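See below for the structure under consideration.
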Amino acid sequence: MNIDNKRRALLKGTMAAGVAGVAAGAGLLTPRLVLAAWPKSAFEAKSVDAAMKALTGMASLTGSSEIQIKAPPIAENGAVVGVTVSANIPGAESISILVEKNASPLTSVWHLGANTEPFIGTRIKVSKTSSVIAVVKAGNKLYSAGREVKVTIGGCGG
Amino acid sequence: MAKTIKARAQVKGGVCVVKALISHPMETGLRKDKKTGKVIPAHFIEEVVVEHNGAKVLTADWGPAISKNPYMNFKFRGASKGDTLKISWRDNKGQSDSLETRIK
């Protein structure tokens with residue numbers, strides 16, 4: 001499924017390159033770093049399941065004790081919540097980090113290179129007390145774990 | 001133009017640990033300017049690419065829920081001291097920046 005997506009993206013990119021040449025010349029296109037398009041529908045999805053379905057075509061999440069999420073139990077400032085996800089799952093290809101009660105739960109998707117450890121640390125916005133959920137894609141399965149973060153001041157500027 | 005990325009990459013026991021900080025407002029598009037009452041438009045990094053000796057080590061799709069002045073920490077194998085690590089980002093307005101740094 002991954003290979004097909006890559007081929008599709010590559011072919012799309014190659015075709016687009018011709019058009020892109022003209023459009024870029026006319027200043028209409030902004031350059032991208034990678035061929036695959038930014039997954040807009042996943043980032044705009046209003047639930048964890050909808051986001052993962054938009055991202056991977058799969059919605060079924062299997063709970064896994066092999067994913068560790070480190071996050072503060074209480075965040076004074078929801079705008080900056082440090083989160084670390086580490087997974088002991090062979091063949092892990094990507095880690096997605098979602099905040100269940102954010103208006104749009106998906107915060108980020110991290111695609112791991114072949115030699116990259118399934119470990120990501122970052123800082124995210126948590127709008128109100130919620131579970132922070134990590135989804136690890138390995139082969140055709142989605143594994144997930146969650147950890148509750150209580151928030152005293154909301155994270156999106158409210 | 002000022003560089004927006006600071007990074008440290010160190011090899012310890014065969015694993016290169018990278019910590020990077022990017023200066024960026026990561027505006028969600030949900031905030032209002034308190035003085036004018038107008039919505040501050042969304043302005044956030046959409047993609048990040050990290051390359052080691054030309055091969056992609058990590059690519060990330062970000063949304064506006066990544067905190068302002070984004071921080072990232074990750075680890076990968078196969079790097080040696082003296083290798084080059086390149087970190088690049090591009091945001092929803094088409095702005096971008098990149099940094100090449102030496103792995104210590």
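Only the coordinates and a few stated rules stand behind these numbers; no lab work does. Predicted, not measured: the structure shown is a model, and the values here were computed from it. A quick note on method: Cβ atoms are made from the backbone with ideal geometry, for glycine too, and the neighbour counts reach across all protein chains shown.
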Point-charge dipole on Cβ atoms (K/R +1, D/E -1) for region B:1-59, about Cα centre, debye to 20: 360
Return P(r) of the protein assembly as shown (all Cα-Cα pairs; 5 Å bins starting at 0; whole %; ordered from short to long distances). 1, 6, 12, 17, 19, 18, 14, 8, 4, 1, 0
Residue-by-residue Karplus 3J(HN,Hα) for region B:81-97, coefficients 6.51, -1.76, 1.60, Hz, glycine and proline x: 4, x, 5, 9, 10, 10, 10, 10, 9, 9, 10, 5, 9, x, 6, 7, 7
Roughly how crowded by other chains is peptide A:45-57, in terms of the mean Cβ count from those chains within 10 Å of each of its Cβ atoms? 0
Take the cross-link list A:Lys40/B:Lys3; B:Lys6/B:Lys93; A:Lys137/B:Lys3 and give me the ones stretching past 24 Å between alpha-carbons. A:Lys40/B:Lys3; A:Lys137/B:Lys3
Filter A:Lys125/B:Lys38; A:Lys150/B:Lys56; A:Lys128/B:Lys35 down to the pairs with a C-alpha to C-alpha distance above 32 Å, please. A:Lys150/B:Lys56
Share of Cα-Cα pairs in chain B lying beyond 24 Å, as whole percent: 30
